[in-house]
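Computed from the coordinates by the stated procedures, all read-outs in this text should not be read as laboratory data. Small disclaimer: the values here were computed from a predicted structure and weren't measured. Quick reminder, even Gly has a Cβ in these numbers, built from the backbone with ideal geometry, and neighbours come from all protein chains shown.
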Amino acid sequence: MNPFSAPYLHRPVSIQRSMNLVLLALLPGILAYLLLIGPALVVQIFIASVSALLFEGVLLYWRGKPVKERLHDHSALVTAWLIALTFPPLSPWWLTVIGVFFAIVIAKQLYGGLGQNPFNPAMIAFAVCIIAFPALMSQWPAQGLTLSFSRQVEIIFGFAPHLDALTSATPLDAIKTALKTDVLHDNVQELLMSQNLYGTFAGRGWEWVTTAYLCGGIFLLIMGVISWHVPLAFIVSMSALALVCWLVDPTRFADPLFHLFSGGAILGAFFIATDPVSGCATPRGKLIFGAGAGLLAYLIRVFGSFPDGIAFAVLLMNLTAPLLDLYCQPRVFGALPSMPVKRADEEKEDAP
Amino acid sequence: MLKRLRQFFRFPGGIHLAHRKEASSEKAITQLPLPEKLILPLRQSAGATPVPIVKAGDKVKKGQRIAAAEGWISASLHAPTSGTVRDVGDYPVAHPSGLAAPSIVIEADGEDAWGERQPFLEQTATEYARQVFNPERVQHYLQDMGVVGMGGAVFPSHVKLVKAPGIPLETLIVNGAECEPFVTCDDRLMRERADEIISGLIFLTELLGVREALIAIENNKPEAAVAMQNALAARLESVVHHIRVVIIPAIYPAGSLKQLVYMLTGKRAPIGVLPTQLGVQCFNVATIHAIWRAVAHGEPLIRRIVTVTGDVERPGNLEVPLGASIADILRYAGMRGSADGCLVGGPMMGFLLPHGDAPIGKGIHCLIARSPQLFPPEAPESPCIRCTSCAEACPQGLLPYELYWWSRAGDFAKTQRYHIHECIECGCCAYVCPASIPLPQYFRFAKDQLRAAAKNQEMADQARERFEFRQFRIEREKAERAEKLAQAARAQSAKRAVEQAGASSAPPTSEAEAIIAAAVERTRMAHEAETIDPKPEPGNPA
Ligand code: SF4
Ligand code: SF4
């Protein structure tokens, strides 16, 4: 296409700017995470970033695309950081690299690169790894575990055995186990407290990481990088379902606040389900997409066999996104409320 | 004194642009020195191209008709100055394609002598009010005067004076929004010639019998609004009581027809519905000025005001004769060496002049000398990430990313189902796109392809109809021939029978059959004659 065509004025925006803002918005969460877990996270982010850029570069070259220009959009970095943040921080380096490989090579570039991938690359990475390496993907460092930086690095690079003793159940795991084994406490909170897993208002330690993610998410909303539809629908639907279950049986189900601030709920609502490429694009589609992801995530994390449900929930919603968009097209300006909204798949055409 | 519009209807989308009008907005309108040569492309309006009525060597007077309107949606063309017709032939025109088109070249004699002028109105401005005009006479008069929309769409104005049957025209909107950055010609016109605009407006309101007239001006042109308001206040209250100046927020594209109508009246024109069918009509301020010059002074549309700005020494607003060379105008304004091209029209909807030069036409309101400083080159195109910024900015409520996707895929039928024909090519989507995709460029391409496909389809349909009719005819002829043979045979046998029976009179049946056969033959001939007759083109040329 002729680049010298109207309009000749452009808002100073770029994909790189959006991606950089997303990375910036992740920083508070990363900082809180660092304080909770230790510097191992930085190593994971480093491994993920380097391998993501490498894979992306090689694949772009191989596909005959402008390598430098496309690497500059920083979308691979966002995927890499999300992988590093959703994988257990002490997972071996090769696990992270495999995750990145599936995300960048399989889920993104082989589908045609940025803008063409039907599934969220970071969540493909998570799903593949949790199915292939369920044990490794469930080893979350135990609460209050203090390991020196060198020791953490040794674990990541496999020089030290990954001791099961170092890991423990996450708060979500604990509840799930309780739900299945019928060891009943008066309520879930007590159960978690008995295992020293309950903090101020949710899973101990994690609540602050999640709060930091929330701040980052709100920053993205304010900057206009994401729209409110998906996060709001996600949070509302997950809270609503959690509320119902909790009211029905507080001895087995945790309260909504706990659910929102545990696991990847907020990260998912603001940073993962909002991925524009694999998600919905129409406003109503976004609402349904967010709500569906919130509901599925709750169901999977509470009743499923995986530690958290965000990845599968988002991937399942990715499947429905094109259909949702087709049925949720907004009205063209001028079409009257009483006029039937024509869908794009209808054969009839409007007289120009 | 100025009433702000208390409530306006906010159309969806739209963008806030830096106005960048300062360079020329304080420069009064000045006359371009009369050029020696004028090149007038015949096609200066939407609809049919007028037919030249002069030939090389003819002497023409200023204002003399040199090309006559062809059909209803067409407007005449006139000599902008006195001189000699040098050529009638193809010359480059101001069009993104850079192609040449039939034009009339006039060499000025420098006298600028008017021919005979016949104003439509004899009376002064205030007296004609309450007069009853014959609308058809006015329409034909304006068509003869070559008045077309001067906001860029160049739709013949007389066509817009025809009311939709059965729908009272309630609101007349005067478009003084001038929402594109850099452009200031309407602003200056309103400041300097407010009185003539108001006269023209009163004429139109009387002619059309509208209930109210609204002069819409964006809030970045307060001086223009004050000038218009003062011009209104100077008139008799009884004449102008129904006319108001309304200040609208500066949201691009507030000056676009559908958006402006909605903003002021809350009426949304559904797909395929013209504003007249909603009881609203809209004219650009410059068009109303031209209408007034025509009806009151007998001046056809032979000049216009053009904002010349950008990378020039002396930005300003020039009144130029049609056909003046764009390169000359830029030179006159002092185009700097750093300028690397010329944008014709505003920066949002205009185009880069493909060659160095082309003549000024009725719809060109702005020339911008382009430089890399003023218009930094856009980053290379990236893939679309479906961020939906474009959909949020689209004033027509379209989904540009879907249109882009299907245009790129070459599935133009799908773009139609996403309402590509509703796209006004305003450029809002490309302005906000983080992937730097020149979206309207894709849409123009898709529309061209659809047009071409529709034309092919039409031709194929005609061919098929012709073919089917021929088949039908052959079949019918065959049947007729067989029938005739049968008749002959029957007649023979009848004759034989008669002869054998020795009956006296011819049997009546065969006579009846002969009559029928003759009738069949007549219709056949009539049909064939019809197919030879040139049939009028189906489909409409608009
Ligand atoms: S603004 Fe550009 S990148 Fe975003 S959805 Fe529209 S076309 Fe795609
Ligand atoms: S150019 Fe067309 S698609 Fe783009 S914003 Fe304008 S009307 Fe919408």
Apply the a/c threshold of 1.5 to the C-alpha gyration tensor of chain B and tell me whether it is rounded, prolate or oblate.
prolate
Provide A:Trp140, A:Trp208, B:Trp114, A:Trp62 in ascending order of the number of other Cβ atoms located within 10 Å of each residue's Cβ, fewest first.
A:Trp62, B:Trp114, A:Trp208, A:Trp140
So how do B:Glu206, B:Glu237, B:Glu218, B:Glu136 line up by other beta-carbon neighbours within 10 Å, fewest first?
B:Glu237, B:Glu136, B:Glu206, B:Glu218
What average count of beta carbons from other chains do you get within 10 Å of the Cβ of residues in B:419-432?
4
Taking Cα pairs closer than 8 Å and at least 6 residues apart, the relative contact order of chain B in percent is 17 percent
Going by how many other beta carbons lie within 10 Å of each one, how would you line up B:Val210, B:Val162, A:Val42, fewest first?
B:Val162, A:Val42, B:Val210
Kyte-Doolittle mean at least 1.0, axial Cα span of 20 Å or more - DSSP H helices of chain B:
B:194-208
A:Leu319/B:Arg466 FRET efficiency (R0 56 Å; Cβ-Cβ; nearest 0.05)
0.65
Between segment B:388-459 and segment A:106-145, how far is it from one alpha carbon centroid to the other, in angstrom?
36 Å
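Tell me the net charge near A:Leu110. Cut-off is 14 Å between Cβ atoms, A:Leu110 excluded, with +1 for each Lys or Arg and -1 for each Asp or Glu.
Summing Lys/Arg as +1 and Asp/Glu as -1 gives +2.
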Under a plain spin-label model, where a point goes 7 Å from the Cα along Cα-to-Cβ, how far apart in nm are B:Asp357 and B:Thr84?
2.0 nm
Rounded to the nearest Å, the spacing of the alpha-carbon centers of segment B:283-336 and segment B:31-89 is 17 Å
Report, for the protein assembly as shown, the % of DSSP beta bridges that are antiparallel, rounded to 5.
60 percent
Going down the table (B:Lys160/B:Lys455; B:Lys221/B:Lys258; B:Lys163/B:Lys414; B:Lys59/B:Lys160; B:Lys27/B:Lys61), which pairs top 29 Å between alpha carbons?
B:Lys163/B:Lys414; B:Lys59/B:Lys160; B:Lys27/B:Lys61
Run the quick spin-label model on B:Glu477 and A:Phe157: label points 7 Å from Cα toward the beta carbon, then report their separation in nm to one decimal.
9.4 nm
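First select every other residue whose beta carbon is under 15 angstrom from the beta carbon of A:Gly224; then total the charges, Lys and Arg +1, Asp and Glu -1.
+2
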Cβ under 15 Å from B:Pro434's Cβ, B:Pro434 left aside: what net charge do those residues give with Lys, Arg +1 and Asp, Glu -1?
-2
Pull up the DSSP beta bridges for chain B and report the antiparallel fraction as a percent, rounded to 5.
60 percent
Full-extension gain between B:Arg137 and B:Lys484, please, as 0.36 nm times their residue separation minus the C-alpha to C-alpha distance.
119.0 nm
Under the 7 Å Cα-to-Cβ spin-label approximation, B:Gln118 and A:Trp94 lie apart by a distance in nanometres of 9.7 nm
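What FRET efficiency do you get for B:Glu237 and B:Ser97 if R0 is 45 Å and r is their Cβ-Cβ distance, rounded to the nearest 0.05?
Values: r = 51 Å, r/R0 = 1.14.
Computed FRET efficiency for B:Glu237 and B:Ser97 comes out at 0.30.
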Enter the Cα centre distance for the pair segment A:47-83 and segment B:462-498, rounded to the nearest angstrom.
77 Å
